[in-house]
Every structure is written in structure tokens, then in C-alpha cells.
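Read-outs: derived from the displayed coordinates by stated rules, not from any lab. Keep in mind the model is a prediction, meaning the values are calculated, not measured. FYI the Cβ positions are ideal-geometry reconstructions off the backbone, even for glycines, and counts take in every protein chain you see.
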Ligand SMILES: Nc1ncnc2c1ncn2[C@@H]1O[C@H](COP(=O)(O)OP(=O)(O)O)[C@@H](O)[C@H]1O
Ligand SMILES: [Mg+2]
């Protein structure tokens, strides 16, 4: 069985699907990605589907599951490079891929992840700051 | 008029990939538009997977057709599995008995020009779809 490679680029895992995946290969990718997120501590996953000439409901569901699993493991997923004909077909099939973020290409996907991570880190800092400020008001004793 | 069809026995996941490849090749040969190629390959992928998963395997036959006015592609998906007891239910978006998304049958019907289904409980299911060039 073929396997889809997962590459680490900085803080991001990049998956470029270059083959017509049989269902087992898609499921294996789901597992491999979860393992790699945990092993690397990466906070972002970019899945490039520009080489796919179709996305059916099985692959669509796999993408949605990967996004959900990543989220639980504190990583964001962006699907990039969907061909226009694939988008048209997906919508007619009835699959709107809710919960999946998309970008036009790998570069824009990476930018999106970097931006979100920066926002998220800011929020964390703010939250820490507030906690710090409120500490004196917390009842102790 | 139609040419000799090409048949693929559907027994494994890999055969579903072969079905996609065959349908893609034929769709290009009859010069379907890119969007229509994408639609018919997607529909074929859904229906071939159903043949495998729910029908317990079967065969798919794809043929290029010509009605004198237009060219197109016709695909038959056949299995001798359990059949479908309630067709209305099976064609409801989101209905699945196998943990899928329940979009294969209903979605495939939307993606093709002609869709015909013959099914009998205990005997199997045969689906025939056609996509015509515009
Ligand atoms: N060839 C078949 N033989 C028997 N049952 C089928 C067949 N194809 C579809 N079905 C039934 O119809 C339901 C809906 O199919 P589908 O729309 O493809 O959704 P999914 O594959 O996600 O379950 C299936 O869950 C199954 O119960
Ligand atoms: Mg299905």
C-alpha cells in the first residue's frame, strides 16, 4: 500500500497528496498525521490537494476528520489548492466541508496559520496578564 | 450506438481506484468538459464504493455512447448483495447505515444526467448512469 508523505517545515506539517488514494491510504494518512502532530508538537497542518482531480465523500470526510483530530491535538488545519472543478462538484455532491479552512495555495495557507497562531499567542498573553492583575482580588486564606 | 464496454471486477479498495481511472480515461476520450469529467468520476467513485462496501463486491462496466446527437459515457454498477429495502430513505441526504456521510447515492444522482436503479432485497442492486456532452 502506498503512503502519503508528511513533511515538517518549521512549525508546520505539510501533506501534499499526489496520488489517487485508495480508502485505506486515506485512513492511514489520518493516523500518520495524528502521530506526527504529537511527535513534533507542530501547531499547523497544510494539506495540499492541488493534484487531486476529484474529492469524493470519503476523501471529504477524511479531510474533515483530520481537521477535527488536529484541533483536539492543538493544531490548525488548512486545505489548500482545491481545483475549481472539484469545488463545483463537491458542492453539487452536497459536501460543503464545514469546519475546514481553505486557502488558494500552500503559501497562503502557511500565512493563514502563522497569522492565527500569532493572534492566539497574543490572546494567551492577554489572558495571563489579566489573571496576574486579578490575583490580589482572589480570596485566599 | 455504443461501443464495447470495459468491465472491472470490484473486490478491493484498489478496484475502486481503477474504476475512477477507467471513467476518467473514457470521459476525456468523449471530450466531456473538465467540470463534467470531474462530476462523472466523482459519481463513479461513490457508486463503486457502494458496490464494494454495501453490495459485498460486484462489477462496473463503462462504455462510451453516442445517440446520434451527442456523445457521452454510460456506467453500470452491479452487485448481488442485500439490495436496498427503502429507496426513498437511501436517497435521503445524510442517510447511512455504514457510518458514511450518506451523500453517495443522492449526490451521484445530482452529478449525472440519467440515473436508473434496479434493486431487490436479497438479490442485489444495479445502477446505470449516463453523462452527456453538452
Ligand atoms: N449497492 C448497495 N447495496 C445495498 N445497500 C446500498 C447500496 N448502495 C447504497 N446502499 C445503502 O444506501 C445507504 C446510503 O448510501 P450512500 O448515499 O452512498 O451513503 P454512505 O455510503 O455514506 O452510507 C447506505 O448506507 C446503504 O445502506
Ligand atoms: Mg456511499
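General observations
- Residue count for segment B:80-110, restricted to those that are in a loop (DSSP other than H, G, I, E, B), near ligand 1 (Cβ under 6 Å from one of its atoms) and within 8 Å of chain A (Cβ to nearest Cβ): 3
- Which listed residue, of A:88, A:66, A:100, A:49, is away from ligand 2 (no atom under 16 Å from the Cβ), farther than 18 Å from residue B:47 by Cα and within 11 Å of chain B (Cβ to nearest Cβ): A:88
- Looking across segment B:111-128, the residues that are outside any loop (DSSP other than H, G, I, E, B) and within 14 Å of chain A (Cβ to nearest Cβ) come down to B:111, B:115.
- Residue in segment B:63-84 that is buried (at least 18 other Cβ atoms within 10 Å of the Cβ) and free of Cβ contacts under 8 Å to residues at least 24 places away in the same chain present: no
- Checked against the criterion of being within 10 Å of ligand 2 (Cβ to nearest atom), under 16 Å from the mean Cα position of the chain (by Cα) and on the phi > 0 side of the Ramachandran plot, the candidates B:102, B:56 yield just one match: B:102.
- Where residue B:122 falls short, out of the listed (1) surrounded by 14 or more Cβ atoms within 10 Å (Cβ to Cβ); (2) in contact (Cβ under 8 Å) with a residue 24 or more places away in the chain: (1)
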